[in-house]
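Participant: So that we are looking at the same thing, I have put the structure below in structure tokens.
The values are calculated or read from the model by the stated rules, or taken from the named source; none is laboratory data. Only a predicted model underlies this, so the values are computations on that prediction, with no experimental measurement involved. For neighbour counting, all protein chains shown are included, and Cβ atoms are generated from backbone atoms with ideal geometry for every residue, glycine included. These accessible areas exclude ligands, DNA and RNA; they are computed on the full protein's heavy atoms, side chains included. Shrake-Rupley method; radii C 1.70, N 1.55, O 1.52, S 1.80 Å.
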Amino acid sequence: MDMIVLEDFSLSDLNDDTIQSYRNYHSTVKPGHVWGKLQKEDYLEKIGAAGRIKAGDELHPTAAGLLMFGEEYRIVRRFPDYFLDYREELGSTIRWTNRIQSSSGDWSGNLCGFCFRVYNKLTIDIEKPFALDGVTRVEDTPVHKAVREALVNCIVNTDFYLPEGIVILKKQNKIVFQNPGSIRTGKTQMLRGGISDPRNKSIMKMLNLI
């Protein structure tokens, strides 16, 4: 699904600020990458965010590219049930203490922006014990990695054609990740591990790059 080229959308339907933020992060974590100096259109094609119906045609966003970098009000034209919701429920006296929604209108509302914003919220209070790799402070702990993997798995296994969307709840003693869509490998194999069958392979590729 996510590699489908959307002929009725154009690259102008994508959010340039999100694309640039993604590229900046890509160049930070993988300096000197061969795609780093490509023009925007070529870069989007390489990472799977854009494609052509046939050789020589103009580029259009792929379904994955629209979800990752599109404006929310344009994404819902293709995925009417698309919805992202992050809530912090850290107290007992109020319903929630912080919230990020894709439909709020004060940010792009796409997957990439959501991933950046939510990861920072989820990890802001995770302790970072002092450790060095040579002379460089190590900021990434096993807990950071576990949270990051859970967030990525939640996104890449979502069925964006189903209602309810992605909901992430940060509570005082746990983090809950919810997404619509059945487990493609089955529950038994999922618990056993060792086999990966992500629903949105192109989105996974883009997230793996950063």
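Participant: Need the failing condition index for residue 144 against (1) open to solvent by less than 40 Å² (accessible area, probe 1.4 Å); (2) modelled with pLDDT of 90 or more, just the number.
Facilitator: (2)
Participant: List pairs: first residue in region 25-42 and within 16 Å of residue 69 (Cβ to Cβ), second residue in a helix (DSSP H, G or I) and among the hydroxyl-bearing types (Ser, Thr, Tyr) anywhere in the structure, Cβ distance under 7 angstrom, at least six positions apart or on different chains.
Facilitator: 35/43
Participant: Scan region 50-68 and report the pairs whose first residue is at pLDDT below 90 and whose second residue is open to solvent by 50 Å² or more (accessible area, probe 1.4 Å) and not in a helix (DSSP H, G or I), with Cβ atoms within less than 7 Å and a gap of 6+ or a chain change.
Facilitator: Listed by first residue and then by second, the contacts come to 53/7.
Participant: Right, here's the next one. Among the residues of region 12-40, which ones are open to solvent by 20 Å² or more (accessible area, probe 1.4 Å), assigned to a helix (DSSP H, G or I) and closer than 18 Å to residue 110 by Cβ? Spell out how you get there, then give the answer.
Facilitator: If we filter region 12-40 for residues that are open to solvent by 20 Å² or more (accessible area, probe 1.4 Å), which is where we start, we get 12, 15-17, 20-21, 23-25, 27-40.
Next cut, assigned to a helix (DSSP H, G or I) only: 12, 16-17, 20-21, 23-25, 27-29, 40.
Within region 12-40, 12, 16, 17, 20, 21, 23, 24, 25, 40 qualify.
Participant: For residues that are hydrophobic (A, V, I, L, M, F, W, C) and either in a strand (DSSP E or B) or open to solvent by 20 Å² or more (accessible area, probe 1.4 Å) (or both), scanning just region 41-58, find the one that is farthest from residue 11 (Cα to Cα).
Facilitator: 55
Participant: Same structure again: Show the residue pairs that are 6+ apart or on different chains and have beta-carbon atoms under 6 Å apart, the first residue being within region 1-15 and modelled with pLDDT under 90, the second being β-branched (Val, Ile, Thr).
Facilitator: Partner pairs satisfying both residue conditions: 2/203; 3/62.
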